[in-house]
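Read-outs throughout are calculated quantities, based only on the coordinates presented, and are distinct from any laboratory measurement. Just so you know, these numbers come straight off a predicted model, no measurement behind them. Every residue, glycine as well, gets a Cβ built from its backbone with ideal geometry; the counts of neighbours run over all protein chains shown.
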Amino acid sequence: MSNILYKYRTTDNFKNFVDIILNNRLYAAKYDTLNDPMEGHYLYSEGVLDRTVLDLIYSQKQQLKVCALSKSPDNFLLWSHYANGHRGVAFGVRINEARYPIKEIEYLSDLTVIERYDEMTTKNILSKKLNFWSYEEEVRAFCETGNFIEVSIEKLIIGKQMSDQEYGFIRKLVEKINPEIEIIKQT
């Protein structure tokens, strides 16, 4: 199992929030639906990759699903961007790395350059981002079949701006569904 990784979420779509708790899973998205417009882009030298390899990389990128997480439980910008301005939550999860390969994002000053193709090329392309995303401290889990990554939920961190009423409701819900989850309210 992986170290604890964090998925920042809003609770606005309550159905999705409950699905995570009830089914111990996180959604894995196609790379081209993620918020980085340069996601999955790469450079290569002419003559290094032929049309067959380029088509193969494209096909693999279309089939592979990505679950983006962070190494940090207290990243102020992630709370602002992905957890509804600190009114959402951060799930602390562990992932079975034998089932779902995990790669830390490598942050670069320019697009990654592909020199050759091997079985890791597509995952390597999807594990590189431009430097200005480095604040996310991102780690990705890859899913080759289905749309979800099965996880073990260890913690649920409640955003400091969540109302007391919503916090109380979520606390009761989580304690009934899975009392093993440690619930932490930010201060």
Residues whose modelled amide H sits under 5 Å from the amide H of Ile184, counting only those 5 or more places away in sequence or on another chain, are Leu156, Ile157, Ile158
Each label sits 7 Å from Cα toward the beta-carbon; between Asn178 and Lys71 the label points are separated, in nm, by 2.4 nm
Note, segment 88-101: 3J(HN,Hα) by Karplus (6.51, -1.76, 1.60, θ = phi - 60°), whole Hz, Gly/Pro = x, goes x, 9, 10, 7, x, 10, 10, 10, 6, 5, 5, 8, 10, x
Computed ³J(HN,Hα) along segment 23-37: with the Karplus parameters 6.51/-1.76/1.60, θ = phi - 60°, integer Hz and x for glycine or proline, the list is 9, 6, 8, 10, 5, 10, 9, 5, 4, 7, 9, 6, 7, 8, x
Scoring segment 1-104 by relative contact order with C-alpha pairs under 8 Å, at least six apart, yields a percentage of 56 percent
Taking Cα pairs closer than 8 Å and at least 6 residues apart, the relative contact order of the chain in percent is 33 percent
Label model pair Val18, Leu108: point-to-point distance (7 angstrom along the Cα→beta-carbon line) in nm is 4.4 nm
Per GNM of the chain with C-alpha springs under 10 angstrom, the most fluctuating residue out of Lys128, Lys103, Lys176 is Lys176
Residues meeting the amide H criterion for Lys30 (H placed from the backbone, H to H distance under 5 Å, 5 or more places apart or on another chain) are Val66
Sequence order, segment 61-75: Karplus ³J(HN,Hα) from phi using 6.51 cos²θ - 1.76 cosθ + 1.60, θ = phi - 60°, Hz rounded, Gly and Pro as x, gives 5, 5, 7, 6, 10, 10, 10, 8, 9, 10, 7, 9, x, 9, 7
Over 24 Å (Cα to Cα) among Lys71/Lys176; Lys103/Lys172; Lys30/Lys185; Lys65/Lys160; Lys71/Lys123 -> Lys71/Lys176; Lys103/Lys172; Lys30/Lys185; Lys65/Lys160
